[in-house]
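One structure is given here, and the rest of the page talks about it.
The values are calculated or read from the model by the stated rules, or taken from the named source; none is laboratory data. Everything numeric in this text was worked out from a predicted model, so none of it was measured. Every residue, glycine among them, receives a Cβ derived from its backbone with ideal geometry; neighbour counts consider all protein chains shown. For the accessible areas, the whole protein counts, side chains as well, though only heavy atoms, and no ligand, DNA or RNA atoms are used. Shrake-Rupley method; radii C 1.70, N 1.55, O 1.52, S 1.80 Å.
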Amino acid sequence: MRAVSAPTSLYETSRKRRSALLFSALLLLSSYAALEFGAWEARASTDADGDGLTYGLEFYINTQPQDWDSDNDGLPDGWEWQYGLDPLSATGDNGSTGDPDGDAFTNLNEYQYGIPTGWDSSSTPSVLDNGVWWNGTVPTRNWDEESAMQIIQGTGSDGADEDPMGNICNDQMDNDKDGLVDTFDNDGDGDADCSSDDDDGDGLIDEDPDGWDTDGDGMPDAWEVANNLDPTSNSNMDGAYGDPDGDGLGNLWEYVNPAWGTRNGSTNPPTQYFRPGPFNMTGTESPCNPVLGLGPGGCVIFTAEVDGITQTDPNNNDTDGDGLNDSYEAFVLLTDPTAVDTDGDGIWDGVEVNGSYGDPPQASDPRNNNTDGDQFDDGEEDVNGNGIVDLGETDPTRIEDAGDMDNDGIDNWEENMTCTLWNVSDTDGGGINDGDELTLAHSTDPCVSTEDVVKQIMGWDSSNSILTLNTTTGLDPNPVDWRQQGAAMAYYVSSNGSLTGFRYESIISDTLRNVDTDRPSDADTVVFLNFSWCWNATAGAINEPHCDDDYFDTDGDGLADWEEGLGTWGYLSLPNMSDTDGDGVDDLNEILNETDPSIACHNLLDSDGDGLNNYFENTTGCPLIYGLGGNGTIDTYYTMWNVTDTDNGGVADGRSTSTGPTRRTTRPTT
């Protein structure tokens, strides 16, 4: 064995000690490093400032981990990063006043929408005490929210805005803008799963909303907020079909007034559908003016839009304050629900619709500035625009022309203010013109009956002039009237509405006999206008609506009251006595016999045919002019009214009374 020297032994011992110390130091350093790395790893996953970003992500994107708003624009760093905004820029689309989704709602408005009061304490300005408020509206569109919180945004993404709120396969909108809607679209409007709200089929629901319209109901966020609707809810009163003002107009139709420019032209009328925005979206046809003929088809079948305002107030059922409900205007009247005077005639739409012009009262047309088509606009006729015809005004619903078009003695303007027609002289068809009926002497109603009676033609026998009708019920059984003097008794109605008058002599069963005019080949009906014959003048009598009072006859003698009072046929008589003079002959027969119904001695009732009328024979005092021949003296004899030769003297009584001084001085009676 070789011996080892002492110095060598000491050196080895010293070296081993150094190695042990170095190893121990390395162990200590490794443990410390592990602790430090663990601490850093824990810190990297924390969010000390509550801005929604971890320390590690803030380190990566260079935001301040101890300040929730690195660029001091009022928007949390994590909220900006989530929606693709730059958390280090406070200007342009990235700042608080930016509006990258174009919904007229600023980024700060979008973040703070619905945020509870006291969500963050001002005593800790660098920390969001309750974290980021994630329940506001979305500030951007065409952005992939699914992968936004990754360090490298967009990795593993299946697209942007491909899964908006709700089920786009069942929202009654044309989301893919191909002109086909929902299930009528072969691709389900771009929906991968029509059975659920998972529109992109990735197993997630509503994860990629479109910031222009966060809740996917077709209305932009700012408009909903401005109108007290919730832009994060697409149901109930806040959704497209909600109606908070109860006017029958859904919110979507309030946002875009109903004359929608997106229509399926293959239907008639074209079917309207809604195409959401903000680009290539549905808009209101503007202008759409029926007076000027502007808009599709002259705006005949579409809601008018005349003032450039294409939205109504979803919280006011009468946006323009014209007295008409918005939906009534938009869907029924087709007037502009934002304009008080659609046709620009100076009269509010509500006044026109509820107008009470003339007699019978009727409304004017709020889509036509000249309802009656005369030379005056409605507002020029109803000058004060109150819906009635006041003194000095004319009727905007009836043609106003100077003069008397129908020659009935009443000026056109005056007829337009009453029930009579300006272009028909006898409005009620009773046989007397309107002007005469209105005189004090007549005192009949020119409008008591404007009902016509129409019968169907069943056959025409031209060889025998027989017209067969479906029924003759209600017609005058004694059609020939002594007054008619050739006037038409009825009219054939041709297919173009023209009338051809004719007369007939009698009615047998359902036929008119001895018709004087052949039936036109295109006439299928006959109209009867004059029903004065059926008027019952008895006090309290109820007349059929087609009967007319033109020849009101109180005493039933066949002469109208006014004919008797005016002496129309040459003689005056009393309207309340059928035989005014009591001579046994009614007033009408005296008129027809051309005798005076007010003079008893003057009649042709001669029962015994002796040349003296009955009254003359039964009384004394009649001027002999009323006896046969007459010599101007007064009759002083009674004779028998039913015996030709009262005294059997061989001379007829009429001859005896006319012989003057040679006649017998005794009464010719036995």
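Inter-label distance, Ala541 to Thr46: 11.0 nm, where each label sits 7 Å from its Cα along the C-beta direction.
Pairs of alpha carbons in the chain separated by more than 32 Å make up 73% of all such pairs. Using R0 = 25 Å, the C-beta based FRET efficiency linking Gln112 and Met149 works out to 0.75. Computed from point charges on the beta carbon alone (+1 for Lys and Arg, -1 for Asp and Glu), the dipole magnitude for the chain about its Cα centre is near 1380 Debye. For Met173, the residues whose amide H sits under 5 Å from its own are Asp182, ignoring neighbours fewer than 5 places away on the same chain, with H placed 1.01 Å from N. The orientation-averaged projected area of the convex hull spanned by the Cα atoms of region 503-552 comes to 5.0 nm². Placing R0 at 22 angstrom, the Cβ-Cβ distance between Ile625 and Leu566 gives a FRET efficiency of 0.25 after rounding to 0.05.
Taken per residue, the accessible surface of the chain reaches 49 Å², heavy atoms only and a 1.4 Å probe. Return the Rg/Rh ratio of region 181-274 with Cα-based radii and a Kirkwood Rh. Expressed as Rg/Rh, it is 1.00. For region 73-82, 3J(HN,Hα) computed residue by residue from phi via the Karplus equation (6.51, -1.76, 1.60; θ = phi - 60°) reads 9, x, 10, x, 4, x, 5, 5, 4, 4 Hz, glycine and proline entered as x. Going by accessible surface with a 1.4 Å probe and the largest first, Trp79, Trp482, Trp533 read Trp533, Trp482, Trp79. Whole-percent P(r), region 129-220, all Cα pairs, 5 Å bins from 0: 3, 15, 22, 23, 19, 10, 5, 2, 1, 0. Work out the P(r) tail for region 493-633: percent of alpha carbon pairs separated by more than 19 Å, whole number. The answer is 66 percent, as a whole percent. The peptide list 49-56, 469-476, 534-541, put in order of mean Cβ contacts within 10 Å with the highest first, becomes 49-56, 469-476, 534-541. Our helix-only sum for the chain, with -39,500 (n - 2.57) per DSSP H run of n ≥ 4 divided by its residues, gives a mean residue ellipticity at 222 nm of -4500 deg cm²/dmol.
Between 0 and 90 degrees, the angle of helix 6-44 with respect to the longest Cα principal axis of the chain falls at about 10 degrees.
The accessible surface of the chain, taken with every protein chain in place and a 1.4 Å probe, is 53 percent carbon and sulfur.
In this view, the solvent-accessible surface of Ile309, computed with a 1.4 Å probe and all protein chains in place, comes to about 80 Å².
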